[in-house]
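Below is one structure, written out as structure tokens, with a few remarks after it.
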Amino acid sequence: MTGTTRSSAGLASEGLDARRRKLLFRSWHRGLREMDLILGTFADAEIGALTSEEIDQYERLLDIPDTEFLPMVTGEHPVPADIDCAVLQKILAFRHSMTF
């Protein structure tokens, strides 16, 4: 399996372009385990279907530190208008569908 990596949930990154593979890895290696689970699971399910514009949005969201991003994703803090985007709304909907 040279050149193939698997995320924590086991999704093969084979068939993904380099940028999507990098984002998949970053989604599972955030720093806070809660964010690993939320964003890693989201990326496993959605990374292959995101449009180029959504990939740009997702990449910007991954640059937000976990200590700022987690309270937004869990609903503890409101989402600032400057980062509200289609992908964030997908993440929020995905998070609400998760059971822990």
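Each value in this text was obtained by applying a stated rule to the coordinates, not by laboratory testing. Quantities reported herein were computed from a predicted structural model and do not represent experimental measurements. FYI the Cβ positions are ideal-geometry reconstructions off the backbone, even for glycines, and counts take in every protein chain you see.
When H96 is tested against the conditions (1) more than 13 Å from I38 (Cβ to Cβ); (2) part of a helix (DSSP H, G or I); (3) not polar (S, T, N, Q), the lone failure is (1). Every condition in (1) in contact with a helix residue (DSSP H, G or I) (Cβ under 8 Å, 6 or more places away or on another chain); (2) within 16 Å of F42 (Cα to Cα) holds for H77 except the one numbered (2). Look through the range 76-100, keep the residues that are among the β-branched types (V, I, T) and surrounded by 10 or more Cβ atoms within 10 Å (Cβ to Cβ), and return whichever of them is farthest from L62 (Cα to Cα). Looking at residues that are among the β-branched types (V, I, T) and surrounded by 10 or more Cβ atoms within 10 Å (Cβ to Cβ), I get V79. Beta carbons closer than 7 Å, at least 6 apart along the sequence or on distinct chains, pair a first residue in the range 74-100 that is free of Cβ contacts under 8 Å to residues at least 40 places away in the same chain and farther than 18 Å from I55 by Cα with a second that is assigned to a helix (DSSP H, G or I) and not acidic (D, E) for H77/P71; V79/M72; V79/L88. Taking the criterion of being crowded, with 16+ Cβ neighbours inside 10 Å and over 18 Å from S97 (Cβ atoms), no residue of the range 31-53 qualifies. Applying the criterion of being hydroxyl-bearing (S, T, Y) and more than 14 Å from L32 (Cβ to Cβ) to the residues of the range 49-93, the residue that is nearest to the chain's Cα centre (by Cα) is Y58. Residues that are in a loop (DSSP other than H, G, I, E, B) and of a type outside the set (D, E) within the range 75-93 comprise G75, H77, P78, V79, P80, A81, I83, C85, listed in sequence order.
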